[in-house]
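Worksheet: one structure, shown below.
The values are calculated or read from the model by the stated rules, or taken from the named source; none is laboratory data. Note that the coordinates shown come from a computational prediction; the quantities given were computed from them, not determined experimentally. All Cβ positions, glycine included, derive from the backbone under ideal geometry; neighbour counts span all protein chains shown.
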């Protein structure tokens, strides 16, 4: 039997992934608040572009958007993109950033965002 993957199924998967990670990160931060999960930071002392991502996700899970953005802007934007993309797909629409015409632009924008995010994390001493 061949599985049928509709946009709605993909949207539900995106929504579920984002919501589950929000809850799991909040639980993890409550259970082990001082644990550093980043191997790059543990080895080099410098943050990777995703350092603070679990804390940002946990803050989002608690509804604290500003705290999440302070911990890691790129991860916060990633969740916003996942939630809005998932909702659009569930409603039967394709988000404008997922259209084939925009893929090259979105890819370049993501690279710029990750670089800017990494520079912010280094400057903030994360």
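When you look at residue 26, is it modelled with pLDDT under 80 and surrounded by 14 or more Cβ atoms within 10 Å (Cβ to Cβ), yes or no? Criteria met by residue 26. Among the numbered criteria (1) surrounded by 15 or more Cβ atoms within 10 Å (Cβ to Cβ); (2) over 13 Å from residue 25 (Cα atoms), which one does residue 65 miss? Going through (1) surrounded by 15 or more Cβ atoms within 10 Å (Cβ to Cβ); (2) over 13 Å from residue 25 (Cα atoms) one by one, residue 65 breaks only (1). Of the helices (runs of 4 or more DSSP H) lying entirely inside segment 33-93, the ones with 2 or more residues being over 15 Å from residue 18 (Cα atoms) are found at 39-44, 65-71. Scanning segment 83-95 for residues being in contact with a helix residue (DSSP H, G or I) (Cβ under 6 Å, 6 or more places away or on another chain) and touching a residue at least 24 places away in the same chain (Cβ under 8 Å) gives a total of 5.
Yes or no, residue by residue, for (1) touching a helix residue (DSSP H, G or I) at 6+ places or on another chain (Cβ under 9 Å); (2) buried (at least 17 other Cβ atoms within 10 Å of the Cβ); (3) within 14 Å of residue 50 (Cβ to Cβ); (4) modelled with pLDDT under 90:
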| residue | (1), (2), (3), (4) |
| --- | --- |
| 70 | yes, yes, no, no |
| 75 | yes, yes, yes, no |
| 81 | yes, yes, no, yes |
| 98 | yes, no, no, yes |
| 103 | yes, no, no, yes |
| 107 | no, no, no, yes |
| 113 | yes, no, yes, no |
| 126 | yes, yes, yes, yes |
